[in-house]
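Notes follow once the structure below has been shown.
The values are calculated or read from the model by the stated rules, or taken from the named source; none is laboratory data. None of these values were measured; they are calculated from a predicted model. Backbone-built Cβ (ideal geometry, glycine too); neighbour counts: all protein chains shown. Surface accessibility is based on the protein's heavy atoms, side chains included, excluding ligands, DNA and RNA. Shrake-Rupley method; radii C 1.70, N 1.55, O 1.52, S 1.80 Å.
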Amino acid sequence: MEYDPKPPEKTPPPSPTAEPPAAARPAASPRRNPFRGSLHARPSRRRRWLLWTLPLAVVIVVGLIAGVAVAAAIHMPRVDDLVDFQPGLITELYDREGDTFATFARQRRVLLQEDEVPDLLRDALIAVEDANFYQHGGIDLTAVIRAAWADIRARRIVEGAGTLTMQLARQVFLTREQTWQRKIEEALLAVELEKNYTKPQILTLYINLVNLGHGNYGFASAARYYFDKDVDELNVAEAATLAGIVQRPSEYSPYRRPDLVKSRRDKVLRRMLDEGLLAEPEYRAALATPLLVVDHAPDLPMAPYFAEDVRKYLEASYGTDTVHDGGLKVWTTVDADIQRAADEAVVAGLRRLDHRRGWRGAPEQLGEAELEGADLATYELPSWTDGPVMPGRWYKGIVLESGPREATVKIHDSTFSLGREGIAWTRRAQPDDLLSRGDVAWFRIEQDEEGATTLFLEQQPEIQGAAVVLESATGAVRAMVGGWDFDRNKFNRVTQAARQVGSAFKPFVFGAALEMGYTPADTIFDAPTGFRGADGKISYWPRNYTRDFRGIVTLRYALEHSINVPAVKLLDMVGIERVIDFARRAGIEAELPPYPSLALGSADIPPIELASAFAAIANQGTWVEPYLLEKVTTADGHELEQRSPVTRTVTDPRVAYVLTHMLEGVVDRGTAARLRDLPLDIAGKTGTTNNYSDAWFVGFTPRYTILVWVGYDVKRSLGYGMTGSEAALPIWRQIADAGLADGWLQEGERFAPPPGVTTQVVEYRSGRLPGEGSGGIEEAFVEGTQPVQQASPQDAVIDDLPWYQQRAFYLPKEGENMTSTDEEGQTPLEEADPAAEEPAPAAASGEGD
């Protein structure tokens with residue numbers, strides 16, 4: 001190293017504020033090269049280029065991969081398919097007057113056309129749901145940014161940015177799951193919708209599809225449900241209410257949370273004001289309007305069993321989706337007045353019969369957990385639904401207190417007093433003999449003309465019943481009641497049950513005899529008689545309901561008083577095959593066992609078949625197939641089917657009329673005499689089976705055939721004396737009384753005889769022409785078959801003799817079985833129930849009411 005001889009220069013002392021020299025400053029920290037890891041002062045140009053482009057390339061690649069992945073995960077539907085999209089429509093059932101009485105739908109919906117959307121409703125909806133609807137192309141970027149920021153802060157999806165178009169895309173094509181994939185799909189679909197459809201088209205679709213709670217889809221359906229108005233009749237407050245419900249229809253229920261709904265409505269009104277869609281005076285007036293929605297008591301459906309049979313047929317014919325989404329228009333045969341009369345009569349009749357059997361106790365009791373320390377005054381039963389308590393309805397109630405004079409009962413939000421009047425049918429004097437605190441029972445509320453209410457204790461009958469009303473000449477089913485309560489049990493006893501019909505089968509035995517030339521005035525001998533069973537031995541001994549015998553009787557007398565032995569004798573004389581053939585022609589398709597007990601109704605027959613067979617007699621011997629539907633069309637009016645009548649001739653009109661005339665005697669003098677005071681012609685037949693398990697009355701007027709059945713689903717006795725005339729006939733009478741009051745039954749209606757029928761006065765017991773000084777009844781005959789022999793004074797004496805003495809004076813008809821004892825000489829009067837003696841698979845009927 002060379003040495004420098006020059007001394008170092010002196011430098012002035014540094015100023016306190018001066019910057020230190022470069023040599024005195026600390027050296028800059030060396031930078032690490034991200035690619036090579038070496039220390040250097042400055043990267044080269046090539047390295048700087050890599051520093052910027054490589055991360056960008058990575059971002060692009062990752063973005064492409066993510067985009068491909070999202071695209072692969074998203075299955076975008078074709079939005080142009082929306083042209084053919086058909087939202088689920090309501091299938092409507094119309095009664096004979098064209099009024100809707102039942103509907104089938106997955107969603108309750110009424111469609112509006114584009115020009116039917118009122119401006120007021122459109123403004124309310126857009127103001128609260130999508131103020132920029134007419135400016136955006138499917139996505140509102142301002143709303144997206146606002147919602148994204150809220151979601152980022154919450155680290156989950158808490159706020160939506162959905163436009164009306166996005167909501168429509170979700171409604172039609174997607175699900176409601178809260179995922180990013182669904183959000184992306186929704187946005188992309190919204191853009192496509194905006195490309196393919198106009199704003200009015202999108203808005204109309206949305207208005208028709210959106211859920212508005214309580215099963216209503218679309219504003220038209222909601223307007224009718226909440227306000228009982230069409231959409232063009234809504235005022236500002238009502239339109240704002242509906243628009244407010246859209247956000248959360250399950251929460252914004254005007255019936256459950258009216259204060260919350262009113263608050264939401266007021267926000268919609270404020271948005272309308274802010275957007276310039278509402279003037280200040282209108283806004284103030286709407287704010288002051290109360291939330292007036294119509295009350296909805298639980299609906300009592302009309303003809304539910306009828307509607308259910310129609311639904312089953314439609315689904316079998318057109319498919320479930322078509323029935324519940326296709327908006328079919330179905331014209332049916334049901335008559336609202338007749339159906340209402342049948343419903344009320346069956347309910348009243350079964351309640352009357354059930355009351356006779358006494359109080360069975362409260363069906364439910366709140367448990368200790370509910371009772372211990374609980375305030376029953378605030379307790380809610382699950383069966384309580386929205387809506388006011390309506391007079392005449394049945395409700396479950398909670399017994400709050402029960403004492404010797406009255407009990408306090410809570411039903412919904414009201415409390416009632418149950419006094420002695422309300423429990424009179426139980427034959428108990430004190431409510432606390434029947435009910436205790438915490439009991440849950442059925443109650444009926446009645447209201448007098450002054451508005452005072454009375455509470456009645458009730459119980460659901462265990463006994464079931466059925467009724468059907470046919471228009472005899474057409475086969476139209478005008479009313480159908482399949483049981484006590486459709487909600488409790490949907491089994492339709494009119495069409496699905498098959499029960500022994502008892503003496504209601506006898507008209508077909510007598511009809512077959514009339515076809516063979518017998519007349520109502522012919523006589524038959526009522527005495528103990530045995531018949532051969534399946535074993536070829538005389539083993540079947542029918543007996544009469546009264547357990548006695550009448551001796552010589554006419555066919556008319558035997559039918560009017562439902563005497564068993566003559567009916568079985570007549571079947572034996574005519575031949576079982578002929579009787580079965582007559583019943584088949586009359587419309588009975590059920591199995592008919594070929595045994596003597598068939599005459600007494602041992603066959604199990606569906607009520608609808610029995611009713612149609614009686615209707616064939618009423619229709620002068622012409623059977624018409626019963627039917628429920630007149631016409632079915634699509635939603636746009638295309639006809640799918642129209643009723644084509646199916647008919648056949650059962651018997652000669654003259655025979656049908658003579659049989660009808662005989663059945664009129666059942667009402668005039670026989671087992672249905674309780675109807676004799678009604679001011680029109682009625683013919684019919686009662687029926688009761690062994691042990692009083694089934695009770696029937698099938699009666700017809702010149703226009704209608706009405707059948708009533710009463711019994712238990714699982715066969716057991718209705719109780720001693722519960723014959724057809726005691727259990728079923730009162731229900732039939734109530735239906736007829738309502739028909740006369742409503743006008744569908746006309747006073748003075750008469751059965752018109754066809755050509756070839758003549759009438760003749762004959763003695764009631766002997767069937768001969770009246771003797772001098774004696775009277776008789778007017779009898780109908782096919783011309784040429786009327787009697788010519790006149791009764792003698794001796795005939796009256798014979799009629800008064802006991803049956804066993806009359807035997808000496810009676811000349812048996814050809815084929816008439818006169819056997820009076822079996823092979824061991826046992827008298828049949830000492831034998832047990834004939835059902836035990838009958839070898840047939842079906843139990844014999846031992847009825848004679």
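Considering the conditions (1) farther than 23 Å from SER612 by Cα; (2) in a helix (DSSP H, G or I); (3) modelled with pLDDT of 95 or more, GLY511 is excluded by exactly one of them, (1).
Here the condition is being over 16 Å from ALA473 (Cα atoms) and either of a type in the set (Phe, Trp, Tyr) or under 32 Å from the mean Cα position of the chain (by Cα) (or both); of ASP636, ASP677, ASP668, it holds for ASP636 alone. Within region 280-310, being open to solvent by 40 Å² or more (accessible area, probe 1.4 Å) and either modelled with pLDDT of 95 or more or in contact with a Leu (Cβ under 8 Å, 6 or more places away or on another chain) (or both) holds for GLU280, LEU287.
Can you tell me which residues in region 656-674 are surrounded by fewer than 19 Cβ atoms within 10 Å (Cβ to Cβ) and among the hydrophobic types (A, V, I, L, M, F, W, C)? Residue satisfying the conditions is ALA673 alone. When region 334-364 is filtered for residues that are open to solvent by 10 Å² or more (accessible area, probe 1.4 Å) and among the hydrophobic types (A, V, I, L, M, F, W, C), the ones remaining, listed by number, are ALA336, VAL347, ALA348, TRP359, ALA362.
Considering each of ALA466, ALA558 in turn, give the residue that is in contact with a strand residue (DSSP E or B) (Cβ under 7 Å, 6 or more places away or on another chain), under 30 Å from GLY358 (Cα atoms) and among the hydrophobic types (A, V, I, L, M, F, W, C). Explain how you work it out, then say what you get.
Numbers: ALA558 fails: under 30 Å from GLY358 (Cα atoms).
Testing whether each residue is in contact with a strand residue (DSSP E or B) (Cβ under 7 Å, 6 or more places away or on another chain), under 30 Å from GLY358 (Cα atoms) and among the hydrophobic types (A, V, I, L, M, F, W, C) leaves just ALA466.
Every listed requirement among (1) in contact (Cβ under 8 Å) with a residue 40 or more places away in the chain; (2) over 30 Å from HIS214 (Cα atoms); (3) open to solvent by less than 20 Å² (accessible area, probe 1.4 Å) is met by ARG428 save one, (3). The residues of region 431-463 that are in contact with a strand residue (DSSP E or B) (Cβ under 9 Å, 6 or more places away or on another chain), assigned to a loop (DSSP other than H, G, I, E, B) and not basic (Lys, Arg), listed by number, are LEU434, LEU435, SER436, GLY438, ASP448, GLN459, GLN460, ILE463. Out of the residues in region 616-645 meeting the condition of being hydrophobic (A, V, I, L, M, F, W, C), at pLDDT 95 or above and within 21 Å of LYS312 (Cα to Cα), tell me which one is least open to solvent (accessible area, probe 1.4 Å). Looking at residues that are hydrophobic (A, V, I, L, M, F, W, C), at pLDDT 95 or above and within 21 Å of LYS312 (Cα to Cα), I get VAL632.
Taking first residues from region 728-741 that are in contact (Cβ under 8 Å) with a residue 12 or more places away in the chain and partners that are surrounded by fewer than 24 Cβ atoms within 10 Å (Cβ to Cβ), the Cβ contacts under 7 Å between residues at least 6 apart in sequence or on separate chains come to LEU729/ARG674; ARG733/ARG674; ARG733/LEU675; GLN734/ALA348; ALA736/LEU678; LEU740/GLU747. Considering region 596-615, the residues that are under 17 Å from GLN496 (Cβ atoms) and open to solvent by 10 Å² or more (accessible area, probe 1.4 Å) include one that is farthest from the chain's Cα centre (by Cα), namely ASP604. Pairs linking a residue in region 487-510 that is under 30 Å from SER383 (Cα atoms) to a residue that is of a type in the set (Phe, Trp, Tyr) and assigned to a helix (DSSP H, G or I), with Cβ atoms under 7 Å and 6 or more positions apart or on different chains, are ASN492/TYR305; VAL494/TYR305. Among the residues of region 402-417, the one identified as among the charged types (D, E, K, R) and either open to solvent by less than 60 Å² (accessible area, probe 1.4 Å) or touching a Lys or Arg at 6+ places or on another chain (Cβ under 6 Å) (or both) is LYS410.
Among the residues of region 550-574, the one identified as modelled with pLDDT under 95 and assigned to a loop (DSSP other than H, G, I, E, B) is ARG550.
Tell me, which residue of region 759-777 that is more than 11 Å from ALA521 (Cα to Cα) and either without any contact (Cβ under 8 Å) to a residue 24 or more places away in the chain or within 50 Å of the chain's Cα centre (by Cα) (or both) is surrounded by the fewest Cβ atoms within 10 Å (Cβ to Cβ)? If you could, list the steps in order and put the result at the bottom.
Residues of region 759-777 more than 11 Å from ALA521 (Cα to Cα): 759, 770-776.
After this cut, where a residue has to be either without any contact (Cβ under 8 Å) to a residue 24 or more places away in the chain or within 50 Å of the chain's Cα centre (by Cα) (or both) as well, the list is 759, 770, 772-776.
Values: THR759: 12, PRO770: 16, GLU772: 8, GLY773: 6, SER774: 17, GLY775: 9, GLY776: 19.
Top of the filtered list is GLY773.
Residues that are touching a Gly at 6+ places or on another chain (Cβ under 9 Å) and buried (at least 24 other Cβ atoms within 10 Å of the Cβ) do occur in region 478-487.
Total residues in region 695-707 satisfying the condition of being more than 11 Å from ALA504 (Cα to Cα) and either open to solvent by less than 10 Å² (accessible area, probe 1.4 Å) or of a type in the set (Phe, Trp, Tyr) (or both): the figure is 5. The conditions of being open to solvent by less than 30 Å² (accessible area, probe 1.4 Å) and within 35 Å of the chain's Cα centre (by Cα) are not met by LEU570.
Candidates in region 232-251 are the residues that are at pLDDT below 90 and surrounded by 16 or more Cβ atoms within 10 Å (Cβ to Cβ); of these, the one that is nearest to ALA286 (Cα to Cα) is VAL246. When TYR226 is tested against (1) out of contact with any His (no Cβ under 9 Å at 6 or more places or on another chain); (2) modelled with pLDDT of 85 or more; (3) closer than 28 Å to LEU291 by Cβ, only condition (1) is not met.
Counting only residues that are open to solvent by 20 Å² or more (accessible area, probe 1.4 Å) and within 47 Å of the chain's Cα centre (by Cα), how many does region 533-547 have?
As a first pass, look at region 533-547 and keep what is open to solvent by 20 Å² or more (accessible area, probe 1.4 Å): 534-539, 543, 545-547.
Retained after the next criterion (residues that are within 47 Å of the chain's Cα centre (by Cα)): 534, 543, 545-547.
Residues flagged as open to solvent by 20 Å² or more (accessible area, probe 1.4 Å) and within 47 Å of the chain's Cα centre (by Cα) within region 533-547 amount to 5.
Name the single residue, out of those in region 311-324 being among the polar types (S, T, N, Q) and under 13 Å from ALA105 (Cβ atoms), that is surrounded by the fewest Cβ atoms within 10 Å (Cβ to Cβ). Reasoning before the result, please.
Taking region 311-324 as the starting set, the residues that turn out to be among the polar types (S, T, N, Q) are 317, 320, 322.
Next, only the ones that are under 13 Å from ALA105 (Cβ atoms) stay: 320, 322.
On the way: THR320: 14, THR322: 16.
Once the filter is applied, the top-ranked residue is THR320.
Among the residues of region 489-532, the one identified as open to solvent by 10 Å² or more (accessible area, probe 1.4 Å), aromatic (Phe, Trp, Tyr) and farther than 27 Å from THR651 by Cα is PHE491. Taking every residue in region 111-122 that is crowded, with 18+ Cβ neighbours inside 10 Å and assigned to a helix (DSSP H, G or I) and pairing it with any residue that is at pLDDT 85 or above and of a type outside the set (Lys, Arg), at least 6 positions away or on another chain, the pairs with Cβ-Cβ distances below 7 Å are LEU120/LEU234; LEU120/VAL236; LEU120/ALA239; LEU121/PHE219; LEU121/VAL231; LEU121/LEU234; LEU121/ALA239; ARG122/LEU203. Scanning region 237-268 for residues that are in a helix (DSSP H, G or I), touching a residue at least 60 places away in the same chain (Cβ under 8 Å) and over 16 Å from ARG224 (Cα atoms) gives GLY244, LYS267, VAL268.
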